[in-house]
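The values are calculated or read from the model by the stated rules, or taken from the named source; none is laboratory data. Please read these numbers as outputs of a predicted model, since none were measured by experiment. Cβ sites come from the backbone with ideal geometry, for glycine too, and all protein chains shown count toward neighbours. Surface areas here come from the heavy atoms of the whole protein model, side chains and all, with no ligands, DNA or RNA. Shrake-Rupley method; radii C 1.70, N 1.55, O 1.52, S 1.80 Å.
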Amino acid sequence: MAKVIAIANQKGGVGKTTTAVNLAASLAATKRKVLLIDLDPQGNATMGSGVDKYSLPATAYDLLVDEKPLVDVLVKETAGGYHLVAANSDLTAAEVRLMNVFARELRLRNALKDYRNSYDYIFIDCPPSLNMLTVNAMAAADTVLVPMQCEYFALEGLTALVDTINQLAAAVNPELKIEGILRTMYDPRNRLANDVSEQLKQHFGDKVYRAVIPRNVRLAEAPSFGAPVMYYDKSSTGAKAYLALAGEMLRRADKKMVNSTTSV
């Protein structure tokens with residue numbers, strides 16, 4: 001059964017979409033079956049996957065509001081080799097349309113229920129705000145992956161996000177946990193970045209990924225070419241960093257499986 005991971009941070013510009021697209025592509029390259037769900041009305045993950053957000057027959061809006069089956073809204077051909085539930089500005093109206101719907105926060109969870117056996121990983125790219133779309137993502141997810149810059153205000157934002165995750169766990173998804181914290185746009189020459197990085201390790205221990213995503217021009221350029229960075233420039237430090245992150249995730253999953261088998 002697929003592991004469902006929401007990629008979220010209430011602070012914008014921290015690399016959520018970059019992480020969603022490139023991690024999905026890196027895992028798909030290891031022959032894992034991957035689904036990426038774009039829940040951001042900006043549709044950046046859609047465009048970054050090589051899919052035109054302006055000419056979509058169906059989007060995440062249809063999945064959430066009209067309750068179309070997942071198979072009817074899938075884009076199966078993407079630049080990253082994964083399946084995609086695309087998004088565009090139509091998704092902005094979903095919040096209003098869901099306002100008076102019963103169990104509106106469970107729409108995405110219910111939509112995925114019959115399809116989790118079809119994938120190894122399902123990633124949800126969340127908008128940079130706590131709205132009904134983000135709540136749907138958190139209700140559907142097993143865990144939350146948090147990309148963040150190693151800056152002071154980002155550290156404050158992380159505290160708020162952890163509180164939010166705990167509140168949502170209590171309200172709609174008791175199993176929800178933090179998958180990991182990913183340091184993005186990292187510059188090891190920056191003293192503040194190193195200080196914040198050390199604080200993260202002290203507070204969150206092995207929840208902080210060893211893999212670090214550096215500031216990288218190729219990572220910034222790749223979306224304009226409609227491709228994950230590993231297909232735009234596989235030798236770039238950004239591509240290597242996301243492949244390293246994918247490898248670390250797979251090793252963690254294998255270790256967890258071994259430990260659970262041993263305990264049984």
### Task
Mind listing whichever residues of region 134-150 are free of Cβ contacts under 8 Å to residues at least 60 places away in the same chain, open to solvent by less than 20 Å² (accessible area, probe 1.4 Å) and assigned to a helix (DSSP H, G or I)?
A139
### Message
Can you say whether L84 is in a helix (DSSP H, G or I), open to solvent by less than 30 Å² (accessible area, probe 1.4 Å) and of a type outside the set (S, T, Y), as far as the supplied structure shows?
### Response
no
### Task
Answer yes or no as to whether L250 is at pLDDT 95 or above, open to solvent by less than 90 Å² (accessible area, probe 1.4 Å), part of a helix (DSSP H, G or I) and closer than 20 Å to S49 by Cβ.
no
### Task
Determine the pairs where a residue that is over 10 Å from Q149 (Cα atoms) and among the basic types (K, R), located within region 172-185, has a partner that is at pLDDT below 95 and open to solvent by 10 Å² or more (accessible area, probe 1.4 Å) with Cβ atoms under 9 Å apart, the partner being 6 or more residues away or on another chain.
K177/A169
### Task
Could you please tell me which pairs satisfy a Cβ distance under 9 Å, a separation of 6+ or placement on different chains, a first residue in region 224-236 that is at pLDDT 95 or above, and a second residue that is surrounded by fewer than 14 Cβ atoms within 10 Å (Cβ to Cβ)?
G226/D52; S236/V217
### Query
Which residue pairs have Cβ atoms closer than 7 Å, lie 6 or more positions apart in sequence or on different chains, and pair a first residue in region 112-133 that is aromatic (F, W, Y) with a second residue that is part of a loop (DSSP other than H, G, I, E, B) and open to solvent by 50 Å² or more (accessible area, probe 1.4 Å)?
Y119/K33; Y121/R32
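If a residue must be within 17 Å of Y119 (Cβ to Cβ) and in contact (Cβ under 8 Å) with a residue 60 or more places away in the chain, how many such residues does region 30-43 contain? It would help to see each step written out before you state the result.
First pass over region 30-43, keeping only residues within 17 Å of Y119 (Cβ to Cβ): 30-39.
Okay, now just the ones that are also in contact (Cβ under 8 Å) with a residue 60 or more places away in the chain, so 30, 32-39.
Of the residues in region 30-43, 9 are within 17 Å of Y119 (Cβ to Cβ) and in contact (Cβ under 8 Å) with a residue 60 or more places away in the chain.
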### Enumeration of residues in region 165-187 that are touching a helix residue (DSSP H, G or I) at 6+ places or on another chain (Cβ under 8 Å) and among the polar types (S, T, N, Q)
N173, T184
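Given the options T17, T59, T30, name the one that is open to solvent by 20 Å² or more (accessible area, probe 1.4 Å), among the polar types (S, T, N, Q), in contact with a helix residue (DSSP H, G or I) (Cβ under 9 Å, 6 or more places away or on another chain) and more than 21 Å from I165 (Cα to Cα).
Details: T17 fails: more than 21 Å from I165 (Cα to Cα); T59 fails: open to solvent by 20 Å² or more (accessible area, probe 1.4 Å).
None of the other options fit; the residue is T30.
Quick grid of which residues meet (1) within 18 Å of the chain's Cα centre (by Cα); (2) under 17 Å from L36 (Cβ atoms); (3) basic (K, R):
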residue	(1), (2), (3)
V71	no, yes, no
A86	yes, yes, no
N100	no, no, no
N136	yes, yes, no
V146	yes, no, no
L161	yes, no, no
### Task
Please find, among T78, T46, the residue that is in contact with a strand residue (DSSP E or B) (Cβ under 6 Å, 6 or more places away or on another chain), touching a residue at least 24 places away in the same chain (Cβ under 8 Å), in a helix (DSSP H, G or I) and not hydrophobic (A, V, I, L, M, F, W, C).
T46
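Specify the residue that is most open to solvent (accessible area, probe 1.4 Å); the eligible residues are those in region 184-193 that are farther than 14 Å from L219 by Cβ and not polar (S, T, N, Q).
Within region 184-193, the first condition is being farther than 14 Å from L219 by Cβ, and the residues that meet it are 188-193.
Narrowing the set further to residues that are not polar (S, T, N, Q) leaves 188-189, 191-193.
Working: P188: 87, R189: 208, R191: 187, L192: 84, A193: 8 Å².
Across region 184-193, the extreme among qualifying residues is R189.
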### Query
With respect to the numbered conditions (1) over 16 Å from the mean Cα position of the chain (by Cα); (2) outside any helix (DSSP H, G or I), which one is the sole condition not fulfilled by P128?
(1)
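Identify the residue in region 213-239 that is within 30 Å of M1 (Cβ to Cβ) and not small (G, A, S) and, among all such residues, is surrounded by the most Cβ atoms within 10 Å (Cβ to Cβ). I'd like the intermediate steps shown before the answer.
If we filter region 213-239 for residues that are within 30 Å of M1 (Cβ to Cβ), which is where we start, we get 213, 227-231, 239.
Still in the running and not small (G, A, S): 213, 228-231.
Details: I213: 25, P228: 32, V229: 29, M230: 24, Y231: 18.
The qualifying residue surrounded by the most Cβ atoms within 10 Å (Cβ to Cβ) is P228.
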